[in-house]
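Chemist: Below is a structure I'd like to ask you about.
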Amino acid sequence: MAATTTAQAPADAQRAASRPVGLTILTVFTALMLLVATYMAFIYAPTERTMGAVQRIFYFHVGAAWAGALAFLVTAIAGVVYLITGKRSWDIVGHSSVEVGLALVTITLTSGPIWAQFAWGKPWTWDPKLTSAAVMWLSYAAYLMLRQGLDDPARRARFGAVYGIVAFASVIMTYFGVRFIEATIHPVVVGSSAGTGEGDFGLATRMVHAMVFSFITFTFVYATLLWHRIRLERLSDRVARLKAHFFSQSG
Amino acid sequence: MTLEAEKQRPAIHPAARRPTSLFRAAAAIVWKDLRAEWRSKETVSAMLVFALLAIMVFSFALEFDRTGREASSAGVLWATLVFAGTLGLGRSLGREKDQGCLDGLLLTPVDRSALYFGKLAGNFIFMGVVALILLPVMSVLFDVSFFRPLIVPALILGILGYAGVGTLIASMSIYTRGREVLLPILLLPIALSILIPAVRATRGLLEGIPFDELLVWFNMLAATNVIYIALAYMLFDFVVEE
Amino acid sequence: MIEARGVIKVFGLRPVLRGVTLTVGEGEFLTLFGPNGAGKTTFLRIVATISRPTGGQIAVAGLPLPARADAVRGLLGVVSHQPLLYGDLSAEENLRFYARMYNLRQPAERIREVLKAVGLHRRAADLVRTYSRGMQQRLAIARAILHDPPVLLLDEPYTGLDQDAAATLDEVLHEVATRGRTVLMTTHNISRGLGLAHRVAILSGGQIAYEAPRDGLDVVTFADTYAEVTGMAGVR
């Protein structure tokens, strides 16, 4: 029995360790999209009338924000599914999605102030969108700390799922909460209300193209990173399993 | 021998095998928490002293002048309550974990949500007591009268929502390494959505803004309460069940 | 009364129970021996409904777990190495709290009864944190039998007790707690564990490695068996 396991293990390990073809294709495709998105943001889209070149930050800023919010929505959904099914794979999805989402929101939170310094003359205001992005970042940093503080993997997964759900609800409510305080000065980039507010910069058609393309690109960036992260977690699970197996046999 | 022993056993209490109703079980937990607190006074006194210190720190750190004091008194009240509340929540749930009492509670034939509502009610009362003592103290120290009728629903809604989500979060943080550190980190970003309307409503009341204009904050407080407590009710089972 | 078939519990990747099959008949007292970390407490927690098995089947009084956990909880009394009592409440208040949680009728009468049975009726008004370890453990027994459960689970009840306290606890267990009840006790103390048992079993490496009726075992030979089965020497 020991012989078959050892014979099987290398072939098995090789199959698990080699990158799936789909992931390779997706990674290359996403990299190409990023190149095109960069081209569109810097060259294809015209320079904005009042703000000038700094407005180009927006294409990535908004794309990353969208993908970050999507990541946390995925975590909340994965949390619900995990609590119902108890399957480790959903825990991996939820956890991985938080890590990728945090990276994306970090892009938003660093690119935003750079733009704001030029547009508003100060890097930060307590605007609803800014506040909720910051709270979002903090909530999911807390999520990772919660997981880190727990030793039992089953409990880590359950608490992660619960906190992922509550944090998502809180981010939404914080957003609505701050929105009532004062009308947002944050420009509405997409949506019917474009054209009001001081940040209105009347997107030209090419700008719309660049923006939409950036949304799609960042969705792909998110999906690619998520897949990589999930695969990494699976592999580390596998290492732990092999280790446990090895040590249980050697005593 | 078995049969003989069986006969010797006193008759089983007829009610013993029936699950306890949610309300009765929650009430029993509240009674137990209040009784223990009445003995030791550890939690409320710690919360209260901490709250008074926080007020001191705020008033010196922000170097209030008269107008500044008035404008920020609602914020100071809520910030103080929230920090003191974190202390109380950590203590109340930590006590169950420390002596293994949580296992004792889980062994009883009661619905798990009874444990949640019982602990929530206890935490609500502790924070409420602290708030009731803080109001006159702050009225004197800040020279602002907090005694307005509508401040009561604002306080009730704010504290209930905070204790509601806090009880859920604290029942997770007690299982973690370094739980005292982790509780505020986990709770404060979540609690912000309660804090914002609570502060706004309170400030509006202190400034004498008519209720109609403040209604939006009260509505928001109520909505947050409903959402958080419903979520916690659904999720609490998953937190305590292994 | 307690039937476990192939119970598995895995913490992450670490299997603690690897298929425990054990039956405790009605009115029987079974002692489960095993070294620390063998999974005794884990197994007892599963029977006590506070932990879910990863695999296998388990039933108490014919009710499968965890599906009927609600119904099973009322049938169980548990004494663990922690007393599960509140230090800031008196003995009587602790029991009154649990009486409410178990929805007992006429709790005052029953509380007096069990306090007398464990010999603490004179200290009923004292705070539990002023109690000695032995007294706390006796009160824990009073708490466990308060609702007169047909099944009693004892998890290392002698932990932290000196000789005298352990002897007193033995007496209380024998006189009031275990009489007529189905009892499952875990311990690594061989002489205490053999004392009250009808049947013994050894849990080692996450499985039942040995099972025998109590009759015909004596402390010395059983200690040898135990050492042999668990691979540990000199644990008498």
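The values are calculated or read from the model by the stated rules, or taken from the named source; none is laboratory data. Bear in mind the structure is a predicted one, so any value in this text is a computation, not a measurement. In this analysis, Cβ positions are derived from the backbone assuming ideal geometry, glycine residues included, and neighbour counts consider all displayed protein chains. With ligands, DNA and RNA removed, areas are computed over all heavy atoms of the protein, side chains included. Shrake-Rupley method; radii C 1.70, N 1.55, O 1.52, S 1.80 Å.
Chemist: Would you work out the relative contact order for segment B:23-240, in percent, from Cα pairs under 8 angstrom that are 6 or more residues apart?
Modeler: 26 percent
Chemist: Compute the accessible area per residue over segment B:23-240, keeping the other protein chains in place, probe 1.4 Å, unit Å².
Modeler: 38 Å²
Chemist: Something else: Can you give me the relative contact order of segment C:83-232 as a percent, contacts being Cα pairs under 8 Å and 6 or more apart?
Modeler: About 18 percent, as a whole number.
Chemist: Could you work out what % of the accessible surface of the protein assembly as shown is carbon and sulfur, using a 1.4 angstrom probe and leaving DNA, RNA and ligands out of the count?
Modeler: 63 percent
Chemist: Per residue of B:168-179, count partner chain C-beta atoms within 10 Å of its C-beta, then hand back the mean as an integer.
Modeler: Taking the mean over all residues of the peptide, I get 4.
Chemist: Would you calculate, for the protein assembly as shown, the mean residue ellipticity at 222 nm contributed by helices, counting each DSSP H stretch of 4 or more residues as -39,500 (n - 2.57) and dividing by all residues, to the nearest 500?
Modeler: -22000 deg cm²/dmol
Chemist: I would also like to ask the following. What does the accessible area of B:Phe146 come to, in Å² to the nearest 10, when a probe of 1.4 Å is used?
Modeler: For B:Phe146, solvent-accessible area is about 0 Å².
Chemist: Moving on to the next point. How many partner chain Cβ atoms sit within 10 Å of a residue's Cβ in peptide B:54-67, on average, as a whole number?
Modeler: What the average comes to for B:54-67 is 0.
Chemist: For the peptides A:109-120, A:220-231, what is the packing order when you average, over each peptide's residues, the other Cβ atoms within 10 Å and list the highest mean first?
Modeler: Taking the mean over residues of other Cβ atoms within 10 Å, the ranking is A:220-231, A:109-120.
Chemist: By average Cβ neighbour count within 10 Å, what is the ranking of B:194-205, B:101-112, C:189-200, C:125-136 from highest down?
Modeler: B:194-205, B:101-112, C:189-200, C:125-136
Chemist: Tell me: how much accessible area in total is hidden between C and B, 1.4 Å probe, Å², nearest 100?
Modeler: 4100 Å²
Chemist: Please list 3J(HN,Hα) in residue order for segment C:182-199, calculated via the Karplus relation 6.51 cos²θ - 1.76 cosθ + 1.60 where θ = phi - 60°; whole Hz, with x for glycine and proline.
Modeler: For segment C:182-199, the Karplus-derived couplings read 7, 10, 10, 10, 10, 6, 10, 8, 5, 5, 5, x, 6, x, 9, 6, 8, 8 Hz, x marking Gly and Pro.
Chemist: Quick one: which of A:Lys87/C:Lys40; B:Lys32/C:Lys116; B:Lys32/C:Lys9; A:Lys87/A:Lys129; A:Lys243/C:Lys40 span more than 31 angstrom between C-alpha atoms?
Modeler: As for pairs spanning more than 31 Å Cα to Cα, those are B:Lys32/C:Lys9; A:Lys87/A:Lys129.
Chemist: For B:Lys97, give me every one of the aspartates and glutamates with a C-alpha distance below 15 angstrom, ignoring sequence neighbours fewer than eight places off in its own chain.
Modeler: B:Asp33, B:Glu180, B:Glu241, B:Glu242, C:Asp88
Chemist: Could you sort the peptides B:227-234, A:127-134 by per-residue average Cβ neighbour count (10 Å cutoff), highest mean leading?
Modeler: A:127-134, B:227-234
Chemist: Using the heavy atoms of the protein chains alone and a 1.4 angstrom probe, what is the accessible area of segment A:43-91 per residue in square angstrom?
Modeler: 44 Å²
Chemist: Follow-up question, since we're still on this one. What average count of beta carbons from other chains do you get within 10 Å of the Cβ of residues in A:166-176?
Modeler: That average works out to 6.
Chemist: Roughly how big is chain C's charge dipole about its Cα centre, with Cβ charges of +1 (Lys, Arg) and -1 (Asp, Glu), in debye to the nearest 20?
Modeler: In total the dipole reaches around 720 debye.
Chemist: Oh, and also: Could you tell me which of C:Gly39, C:Met101, C:Gly55 has its Cα farthest along the dipole of segment C:33-117 towards the positive end, charges placed at Cβ (Lys, Arg +1; Asp, Glu -1), taken about the Cα centre?
Modeler: My answer, from the dipole projection, is C:Gly55.
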